[in-house]
Amino acid sequence: MAEKLVIVGAGVAGVNAATKLVDNGYPGENITIIDMGKSPYERKPEEVMTGFLGAGGWSDGKLTYHTAIGGHMSKYCGEDKAMELFDEVINNFKRFHPKPEEVQCSDPQAEPDFIKPYFGLRLFPVWHVGTDYLHEIGKNWYDYLVDKGVKFEWETKVTAIDFEDQIVSIGTVDEIEYDRLMFAVGKSGIDFGKQLADDYSFPTEPKPVQIGVRFEAPQKHFQKLIDISYDFKLYRKFEDKGVSLRSFCTNNNAAYVALEETYGDYSYNGHAKKGEDYRNDMTNFGILMEINGIEEPFKWSRELVSKVQKHSVVPGEGYGGNKAQGRHQAKYKAGLYYTPDSEKWKSKTSEGDWVKAHYINENGLQQVKDHFQGYYSYIDDFIEDMKKVFPTLGDDWGVYIPEVKYLSPEPLVDYSNLALEQFDNVHFVGDALSARGITVSGAQGIYVAEGLLS
């Protein structure tokens, strides 16, 4: 008789796991997936953080195809097996795609000479699913799982997990028993995962801080690099300082900055639409620092993000005392936006609204730098060198502050099935296991499912 499986989180990891199971005869009625968000039929485009297919599967759609990007899948199963699992994730997105023939792979080969004096350039294949199609993919995929009997609990928050008695508590009174549990939360559940690790004294592997800004500029400045590598990744390392930087999640053509809410604070990400109707000829990407040696890195990141928020403002005044046009100001909580050209306000969402952010001037930027405790100087240098490599860039850019990847300490797991050392029927996957991309998250879910099937 098949075990009763509960999956906490309906993101890419959990959905790929459930798909692998029911594809191979595992009874869907024995699978329950719990998520704080909504089904793809109820989920709005701006509800980025929770719901079916998680954040990346709802608003990104670029599947990296290399074991050095997005987490360390190969350390669990080896290079060949990791690539096999990546293929399966990509094929699932094609399988439920309304136009699978439009899923294309870019595979740049040569680093251009004009980059070399200033940056390294990571070149690797990327499959482009198309942001426009993600919501239709979600509906098709969801319908398949429901037809197979998989049960979903939507808009439901897991409040506690008793690993010893094998009980998941939801809300204030309800409980779900399980034989096997997959903890597949996204960024919004990382804090809960850390709490569980503390409560049960899991042995963990500390993770570095990953924080920075979302950079935006007209695409024309970067076109000569985009022609070589669409999802380019510039990087540099300062090993003696324990700091490395990389550009992350590049979006072009119809590129939009996205606001994310995690733990009540706001940060920024980006996505790109595929349809020409959305084209805005902009480029955005994260400039992320990986900082090693910070004591309690998760707490440090949370505190920094909370300090670079702005709640409500007097109309016409921004963070740092800047006078700005009235349309730039409103009474809301959001992160910050800085541009050296104060007349620019670049971004609207793909729905035509201003991206929520509070404009700051040089005084406000200095406050931000103080909160970064000296680390912002690396971002300044990164931008200054980009201006040398892309000489038309000048002051024609802006940054949204902050962008952050919360990485709580990673629980130590059995490499053969990603099960916890103390509880061999509990499996951690996705962001809960420091995956940093769609492909790796999905691969981890499939990897666990293969173990259950065997």
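The values are calculated or read from the model by the stated rules, or taken from the named source; none is laboratory data. Just so it is clear, the structure is predicted and the values come from calculations on it, not from any experiment. Cβ: placed from backbone, ideal geometry, glycine included. Neighbour counts: every protein chain shown. These area figures cover heavy atoms from the full protein model, side chains too; ligands, DNA and RNA do not enter into them. Shrake-Rupley method; radii C 1.70, N 1.55, O 1.52, S 1.80 Å.
At 25 °C and 0.890 mPa s, grab the translational diffusion coefficient of the range 166-268 from Stokes-Einstein with a Kirkwood Rh over Cα pairs, rounded to a whole number in µm² per second. Present the calculation step by step, with values, prior to reporting the outcome.
Working: Rh = 18.2 Å.
Using the Kirkwood radius from Cα pairs, D works out to 135 µm²/s.
Return the long-range amide H neighbours of Ile170 (sequence gap of 5 or more, or a different chain), with a cut-off of under 5 Å between placed amide H atoms.
Thr159, Glu175, Ile176
Taking the Cα centre of the chain as origin, work out the dipole magnitude from +1 charges on Lys and Arg Cβ and -1 charges on Asp and Glu Cβ, in debye rounded to 20. Don't skip to the end; give the middle numbers.
Details: 49 positive and 70 negative charges, 307 e Å.
Dipole size: approximately 1480 debye.
Sort 365-378, 216-229 by the packing proxy (mean of other Cβ within 10 Å over each peptide's residues), most packed first. Spell out each step's value before the answer.
Values: 365-378: 15.9, 216-229: 18.4.
Output ranking for 365-378, 216-229: 216-229, 365-378.
Carbon and sulfur together cover what percent of the accessible area of the chain at a 1.4 Å probe radius?
Numbers: 8010 of 18050 Å².
On the chain, the fraction of accessible area on carbon and sulfur atoms equals 44 percent.
Can you work out the base-10 log of I(q)/I(0) for the range 46-190 at q = 0.13, 0.18, 0.20 1/Å, using the Debye formula on its C-alpha atoms alone?
Those come out to -0.80, -1.25, -1.36, one per q.
In whole Å, how far is the Cα centre of the range 392-454 from that of the range 191-219?
Between the Cα centres of the range 392-454 and the range 191-219 lies a distance of 10 Å.
Residue by residue through the range 258-270, which ³J(HN,Hα) values in whole Hz follow from phi under the Karplus form 6.51 cos²θ - 1.76 cosθ + 1.60 (θ = phi - 60°), with glycine and proline marked x?
10, 8, 10, 10, 9, 6, x, 10, 10, 9, 10, 9, x
Sort 384-391, 357-364 by the packing proxy (mean of other Cβ within 10 Å over each peptide's residues), most packed first.
Values: 384-391: 14.6, 357-364: 21.2.
Top of the packing list down: 357-364, 384-391.
On average over all directions, what projected area in square nanometres does the range 1-107 have, based on the convex hull of its Cα atoms? Intermediate values should be presented prior to the final figure.
On the way: hull surface 33.2 nm².
Projected over every direction and averaged, the Cα hull of the range 1-107 covers 8.3 nm².
Using R₀ = 22 Å, calculate the FRET efficiency as 1/(1 + (r/R₀)^6) where r is the Cβ-Cβ separation of Asp277 and Glu136; round to 0.05.
The formula returns an efficiency of 0.85 here.
Report, by chain and number, residues whose modeled amide H sits under 5 Å from the one on His358, excluding near sequence neighbours (fewer than 5 apart, same chain).
Result for His358 returns Gly335, Leu336, Tyr337.
How long is the range 337-450 along each principal axis, judged by its Cα atoms, biggest number first, in Å?
Dimensions of the range 337-450 along the principal axes of its Cα atoms: 57, 36, 29 Å.
Tabulate in residue order the Karplus-calculated ³J(HN,Hα) for the range 96-104, using 6.51 cos²θ - 1.76 cosθ + 1.60 with θ = phi - 60°, rounded to whole Hz; enter x for Gly and Pro.
Whole-Hz 3J(HN,Hα) from phi for the range 96-104: 9, 7, x, 9, x, 5, 8, 6, 10.
Which far-off residues, 5 or more places away or on another chain, put their amide H under 5 Å from the one on Ile33, with H placed in the peptide plane?
Ile7, Lys151, Phe152, Glu153
Two decimals is fine: what is log10 I(q)/I(0) at q = 0.16, 0.27, 0.29 Å⁻¹ for the range 76-136, from a Debye sum with one equal scatterer on every Cα and no solvent?
Evaluating at q = 0.16, 0.27, 0.29 Å⁻¹ gives log10 I(q)/I(0) of -0.71, -1.08, -1.16.
Just to check I understand the Karplus step: with θ = phi - 60° and J = 6.51 cos²θ - 1.76 cosθ + 1.60, what whole-Hz values come out for the range 292-297, glycine and proline as x?
9, x, 7, 6, 6, x
Report, in degrees rounded to the nearest 10, the 0 to 90 angle that the Cα long axis of helix 12-23 makes with the longest principal axis of the chain.
The angle comes out at about 30 degrees.
Using alpha-carbon pairs under 8 Å, 6+ residues apart, how would you state the relative contact order of the chain in percent? Could you put the intermediate results ahead of the total?
Values: 984 pairs, mean separation 102.3, N = 454.
Contact order relative to length: 23 percent.
Any idea what angle helix 438-453 forms with the longest principal axis of the chain, computed on alpha-carbon atoms, 0 to 90 degrees, nearest 10?
Its long axis makes an angle of about 10 degrees.
Viscosity 1.002 mPa s, temperature 20 °C: what is the translational diffusion coefficient of the range 399-443 from Stokes-Einstein with a Kirkwood Rh over Cα pairs, rounded to a whole number of µm²/s? Before the final figure, lay out each step's value.
Details: Rh = 11.8 Å.
Result for D is 181 µm²/s.
Decide, for the range 351-391, between rounded, prolate and oblate: order the square roots of the alpha carbon gyration tensor eigenvalues as a ≥ b ≥ c, take rounded if a/c falls under 1.5, and otherwise choose prolate if a/b is larger than b/c, else oblate.
Working: a/c = 2.56, a/b = 1.18, b/c = 2.17.
Note, shape of the range 351-391 comes out oblate.
Quick one: work out the % antiparallel among DSSP beta bridges in the chain, nearest 5.
Taking every DSSP beta bridge with both residues in the chain, the antiparallel ones total about 80 percent.
With a cap of 14 neighbouring Cβ atoms within 10 Å, and only residues DSSP puts in a loop, list the chymotrypsin sites (Phe, Trp or Tyr not before Pro) found in the range 26-113. Kindly include the intermediate steps, with their values, before the conclusion.
Values: sites: Tyr41, Phe52, Trp58, Tyr65, Tyr76, Phe86, Phe93, Phe96; in loops: Tyr41, Phe52, Tyr65, Phe96.
Filter output for the range 26-113: Tyr41.
Round to the nearest 10 and give me the degree value, 0 to 90, for the angle of helix 376-389's Cα axis relative to the longest principal axis of the chain.
Rounded to the nearest ten degrees, it is 70.
Let me know the charge dipole size of the range 337-407 about its Cα centre in debye, to the nearest 20, where only the beta-carbon of Lys, Arg (+1) and Asp, Glu (-1) is charged.
Details: 8 positive and 13 negative charges, 41 e Å.
My answer is approximately 200 debye.
With the other protein chains left in place, how much accessible area per residue, in square angstrom, belongs to the chain at a 1.4 angstrom probe?
Value returned for the chain: 40 Å² of accessible area per residue.
Percent of alpha carbon pairs in the chain separated by more than 39 Å?
Within the chain, distances greater than 39 Å cover 19 percent of Cα pairs.
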